[in-house]
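Pasting a structure here, questions to come.
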Number of protein chains: 2
Amino acid sequence: MVSNTMRLADQISEAILEGDFPPGTRLDESGLAARFGLSRTPIREALAEVCARGLAERRPYRGVEVVSPDPDVLLDRFEALAEIEALCASLAAGRAQMADLLALEDLVHRMEDAGPDEYRQMNFDLHDRICRMARNAELARVADDLRLRLAAVRRAQLGHADRRQRSMREHRALVAAICDRDAVRAASLMRAHLRAGAQEVLSMARETAQPASSATS
Amino acid sequence: MVSNTMRLADQISEAILEGDFPPGTRLDESGLAARFGLSRTPIREALAEVCARGLAERRPYRGVEVVSPDPDVLLDRFEALAEIEALCASLAAGRAQMADLLALEDLVHRMEDAGPDEYRQMNFDLHDRICRMARNAELARVADDLRLRLAAVRRAQLGHADRRQRSMREHRALVAAICDRDAVRAASLMRAHLRAGAQEVLSMARETAQPASSATS
DNA sequence: TTTCCTTGGATTGCATACAGCCACATTATA
DNA sequence: TATAATGTGGCTGTATGCAATCCAAGGAAA
């Protein structure tokens, strides 16, 4: 049911997100073909999919290049995700079924004592679950798309115990608002939660980037 | 700057939207290759792009098929677009610059006496402009993506003088709200405007589809 | 008559070969 | 020495051939 091209695209995407191909890297077809033991043709198709996902860009006759995160684009992307997830939270508060709410509360509870990797997965699951509770497959898809496009910079965020403490408080408040069917509070909390996370990521990215730049562009 | 594959994908996409390839049509590579005077390879890449745009789907070893509009998916899609454009309108009310507002008012004014084709283009331009006035490239991109995915069913909507009258009233009120910097009113009006349009499209689609269906699924 | 298997045709998926374009290096000139 | 012209290597874009897979038609068995 899932094509070979998609599997290949997943592997290449994962390699990009894992930092195996840093931003700006040229993904030459021959090299990847050798690496995967295939010919250029399936690699080419997988690269097209990777480009469609926004993780790389193809310049005609110049190959595909892993995208460099432009701060302006990242800012817009974080804001867009925050607003859309806030919208989903708002809708979820009105539409979620009882079983969903119980599962959500259970998940937040289990997140308390989870290892870093587990926590990361559970955090993703929490947000995805809320988006799906809005009962709108398109909004969930859009949110998922934005999350993928932000995944590369978000990977650097992990760890940070104090951030996690704060994040958990926000999660609890957010889930409580949804369970109370309070749409506007849920939206507001979700927006604030994601804005805080974005702030964190961007400030980290800023200090790990060039410390002193006087670029004119 | 724009690749050959993209141009091909545009042509095929346009053919789909124009009704040249009705939903369910199998787009076989050899046929299209002959039609465009090319080999299968570039056609294949263009079809991958068309699939990425959501206009068709590829089933492994079974070719690509023009997607049939599932009513549930369409409903979600219209709602998602309405909510996201409402969000854009809300942001636009707060962020638009003076020149934007003047251009918007001018556009609405010029729409009064425009031919059907012009009106269609101007309507698209109006919504796109408002989304870009939100000063968030990602939200504009997402809205544009949803509009493309809805384009096929929306094409059938054109004409309908009464709908246009009503639509114009809504446009004027919406633009006025944005110019007044009234974010909540702008969002509310945009949401209502798109919901009305969606209602129109879906009811039309429903009556042109099978009139009496007793499908169990 | 119905069901299952087989088999043929057609189409997709992949490999390989060739053509076109770009980037870098070398060389010639001011 | 700096700059412009040019040639070369390597990569991408396209064409074509072959293998793998699916679908439908036809025949055999119950």
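For the stretch A:41-111, what is the relative contact order in percent, using Cα pairs closer than 8 Å and at least 6 residues apart in sequence?
13 percent
In addition: If you put +1 on each Lys and Arg Cβ and -1 on each Asp and Glu Cβ, how big is the dipole of the stretch B:4-66 around its Cα centre, in Debye rounded to 20?
260 debye
Give the cysteines in chain B for which no other Cys Cβ lies under 4.7 Å away, or write none if there are none.
Those would be B:Cys51, B:Cys179, since no other cysteine Cβ in chain B comes under 4.7 Å of theirs.
Right, next: In nm, what does the list of distances from B:Glu200 to its counterparts in the other copies look like, shortest first, when each label sits 7 Å along Cα to Cβ?
4.6
Of B:His127, B:Ala196, B:His109, which is farthest along the charge dipole of the stretch B:71-208 in the positive direction, counting Lys and Arg as +1 and Asp and Glu as -1 at C-beta?
Result: B:Ala196, furthest along the dipole toward the positive end.
Follow-up question, since we're still on this one. Select from A:Ala176, A:Ser39, B:Ser167 the residue farthest towards the positive end of the dipole of the protein assembly as shown; place +1 on Cβ of Lys and Arg, -1 on Cβ of Asp and Glu, and compute about the Cα centre.
A:Ser39
Explain nothing, just the number: relative contact order of chain A, from Cα pairs under 8 Å at least 6 residues apart, as a whole percent.
With pairs under 8 Å counted, the relative contact order is 24 percent.
Rounded to two decimal places and with Rh computed the Kirkwood way over Cα pairs, what is Rg over Rh for the stretch B:71-208?
With Rg and the Kirkwood Rh in hand, the quotient comes to 0.94.
Report the Stokes-Einstein translational diffusion coefficient (µm² s⁻¹, integer) for the stretch A:1-82, Rh taken as the Kirkwood radius over Cα pairs, at 4 °C with viscosity 1.567 mPa s.
97 µm²/s
For A:Arg7, place a label point 7 Å from Cα along the Cα-to-Cβ direction in every copy; what are the distances to the other copies, in nm, shortest first?
When each copy's label point is compared with this one, the spacings are 3.6 nm.
Still on this structure, please answer the following. Can you work out the accessible area per residue across the protein assembly as shown, with the rest of the protein chains kept in place, probe 1.4 Å, in square angstrom?
Value for the protein assembly as shown: 53 Å² per residue.
One decimal, nm, shortest first: give the distances between the label point of A:Met98 and those of the same position in the other copies, each label point 7 Å from Cα along Cα→Cβ.
Output for A:Met98: 6.0 nm, nearest copy listed first.
Taking only the Cα atoms of the protein assembly as shown, how large is their convex hull per residue, in Å³?
184 Å³
In deg cm²/dmol, rounded to 500, what helix-only [θ] at 222 nm does chain B give when every DSSP H run of at least 4 residues adds -39500 (n - 2.57) and the total is split over its residues?
That calculation yields -24000 deg cm²/dmol at 222 nm.
Roll a 1.4 Å probe over the protein heavy atoms and report the accessible area of A:Val153 in Å², nearest 10.
Result for A:Val153: roughly 30 Å² accessible.
Given a 1.4 angstrom probe, I'd like the percentage of the accessible area of chain A that is carbon and sulfur, rounded to a whole number.
C and S atoms contribute 52 percent here.
Consider the operator that turns chain B into chain A: which B residue has a Cβ nearest its axis, and what is that gap in Å?
Rotation axis B onto A, closest Cβ, rounded to whole Å: B:Ala52, 2.
Oh, and also: To the nearest 20 Debye, how big is the dipole of the stretch B:30-132 about its Cα centre, given +1 on the beta carbon of each Lys and Arg and -1 on that of each Asp and Glu?
In debye, rounded to 20, the stretch B:30-132 gives about 820.
Mind checking the stretch B:1-78 for chymotrypsin sites (Phe, Trp or Tyr not before Pro) that DSSP puts in a loop (not H, G, I, E or B) and that have at most 14 other Cβ atoms within 10 Å?
B:Tyr61
Given a Förster radius of 30 Å and the C-beta distance between B:His109 and B:Glu14 as r, what FRET efficiency does 1/(1 + (r/R0)^6) yield to the nearest 0.05?
0.50
Hey, another quick one. In the stretch B:1-145, how does Rg compare with the Kirkwood Rh, expressed as the Rg/Rh ratio over alpha carbon atoms?
Reported Rg/Rh (Cα atoms, Kirkwood Rh): 1.06.
Also: Kindly compute the accessible surface that chains A and B hide from a 1.4 Å probe when together, both sides summed, and give it to the nearest 100 Å².
2000 Å²
Could you give the dipole magnitude of the protein assembly as shown about its Cα centre, charging the beta-carbon of Lys and Arg +1 and that of Asp and Glu -1, in debye to the nearest 20?
With Lys and Arg at +1 and Asp and Glu at -1, about 100 debye.
At a threshold of 8 angstrom on Cα-Cα distance, excluding pairs fewer than six apart, so keeping six or more, what relative contact order does the stretch B:4-66 reach in percent?
42 percent
How far is the Cα center of the stretch A:180-199 from the Cα center of the stretch B:23-47, in Å?
One Cα centre to the other: 47 Å.
The values are calculated or read from the model by the stated rules, or taken from the named source; none is laboratory data. Everything quoted here is computed from the prediction, not taken from an experiment. Note that each Cβ is placed from the backbone with ideal geometry, even for glycine, and that neighbours are counted across all protein chains shown. We work out accessible area using only protein heavy atoms, side chains counted, and drop any ligands, DNA or RNA first. Shrake-Rupley method; radii C 1.70, N 1.55, O 1.52, S 1.80 Å.
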